[in-house]
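The values are calculated or read from the model by the stated rules, or taken from the named source; none is laboratory data. As the structure is a prediction and not an experimental result, all values here were calculated from the model. Here the Cβ positions follow ideal geometry from the backbone for every residue, glycine too, while neighbour counts run over all protein chains shown. Just the protein is used for accessible areas: all its heavy atoms, side chains included, with ligands, DNA and RNA removed. Shrake-Rupley method; radii C 1.70, N 1.55, O 1.52, S 1.80 Å.
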Amino acid sequence: DTGVSQDPRHKITKRGQNVTFRCDPISEHNRLYWYRQTLGQGPEFLTYFQNEAQLEKSRLLSDRFSAERPKGSFSTLEIQRTEQGDSAMYLCASSGTGAEQYFGPGTRLTVT
Amino acid sequence: DAKTTQPPSMDCAEGRAANLPCNHSTISGNEYVYWYRQIHSQGPQYIIHGLKNNETNEMASLIITEDRKSSTLILPHATLRDTAVYYCIVRVNNDMRFGAGTRLTVKP
């Protein structure tokens, strides 16, 4: 197993467009997390899934953001009507029976 | 989750021990202390965690004070590849609350 993977690694989009990111967690990890990280700051929690159920959402996750994990394996994070303030690194992490989270390399979003 | 306080930056000489402090004076009895690091342009990497006993693994040691109000992450023989931002987090729930961390620079 090669760890958590994210696709794409970089995305440049124009303001107002929709974007979707994908995360593939470590096999058999039942918990999956999304974070956002802006320059010079630590990652900020966005949302958390246990299997296919979305159990927690941060208030940072506005109604333009939606995350899914339909079969309890990979997850997608969609941002509708992107704004320049959405420019950030979007990180995905997964965990299994242990509490430690394993992070992917992130998707860097630039909104022009 | 309790708040943590870390120095914004530290330097360490290559081959020496790097001791990274963290204050978490409002930690509650069931909150664990976690350490992660983030090397430039990569996702955070788990290092170690503990509740009240000191812990050691192949990467580092974690020393937690008896009152649990502070902890120290020790990298016993720092290398240039240990240059990164180190995050100390206390948590009991599933979400991790990262602060700004300590930027450790290992110098030759």
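Suppose we compare each residue of segment A:3-43 in its chain alone and in the full protein complex with a 1.4 Å probe; which ones drop by at least 50 Å² of accessible area?
Residues passing the criterion (a loss of at least 50 Å², heavy atoms only) are A:Pro43.
Specify the inter-centroid distance of segment A:44-80 and segment B:17-51, based on alpha-carbon positions, in whole Å.
Using only Cα atoms, the two centres lie 25 Å from each other.
Kindly give Rg over Rh for segment A:19-75, based on alpha-carbon atoms, with the Kirkwood expression for the hydrodynamic radius. Could you put the intermediate results ahead of the total?
Working: Rg = 11.6 Å, Rh = 12.0 Å.
Computed over Cα atoms, the ratio is 0.97.
If you project the alpha carbons of chain A onto the principal axes, what extent comes out on each, in Å, largest first?
Computed over chain A, the largest-to-smallest principal extents equal 40, 25, 22 Å.
Which of the trypsin sites (Lys or Arg not before Pro) found in segment A:24-90 are loop residues per DSSP with 14 or fewer other Cβ atoms within 10 Å of their Cβ? Provide the component values of the computation, followed by the final result.
Values: sites: A:Arg31, A:Arg36, A:Lys57, A:Arg59, A:Arg64, A:Lys71, A:Arg81; in loops: A:Arg59, A:Arg64, A:Lys71, A:Arg81.
Here the trypsin sites (Lys or Arg not before Pro) that fit, given the DSSP loop and packing criteria, are A:Arg59, A:Arg64, A:Lys71, A:Arg81.
With the Cα gyration tensor of the protein assembly as shown giving a ≥ b ≥ c as the square roots of its eigenvalues, does the rule (a/c under 1.5 for rounded; else a/b larger than b/c for prolate; else oblate) give rounded, prolate or oblate?
Note, shape of the protein assembly as shown comes out prolate.
Output the lone cysteines of chain B: those with no second cysteine's C-beta under 4.7 Å from their C-beta.
Taking the Cβ cut-off of 4.7 Å, the unpaired cysteines of chain B are B:Cys12.
For the protein assembly as shown, with the dipole built from +1 on Lys and Arg beta-carbon atoms and -1 on Asp and Glu ones, taken about the Cα centre, which of B:Cys88, A:Ile12, A:Leu77 lies farthest toward the positive end?
Of the candidates, A:Ile12 comes out farthest on the positive side.
Using only the alpha carbons, work out the radius of gyration and Dmax of chain B in angstrom.
Cα-based Rg and Dmax for chain B come out at 13.0, 40 Å.
Past the 14 angstrom mark, what percentage of all C-alpha to C-alpha distances in segment B:26-79 do you count?
Considering segment B:26-79, 54 percent of its Cα-Cα pairs are separated by more than 14 Å.
Choose one of B:Leu51, B:Met10, B:Thr79: the residue whose Cα lies farthest towards the positive end of the charge dipole of chain B (beta-carbon charges +1 Lys, Arg; -1 Asp, Glu; about the Cα centre).
Positive-most Cα among the choices belongs to B:Met10.
Quick one: dipole size for chain A, taken about the Cα centre, charges +1 on Lys/Arg Cβ and -1 on Asp/Glu Cβ, in debye to the nearest 20.
Numbers: 14 positive and 13 negative charges, 93 e Å.
Around 440 debye, computed over chain A.
Over chain A, with the other protein chains present, what is the accessible area per residue in square angstrom, probe 1.4 angstrom?
On the way: 5750 Å² over 112 residues.
Result: 51 Å² per residue.
Loop sites only, by DSSP: take the GluC sites (Glu not before Pro) in chain B that have at most 10 other C-beta atoms within 10 Å and name the longest stretch containing none of them.
Answer - B:1-57.
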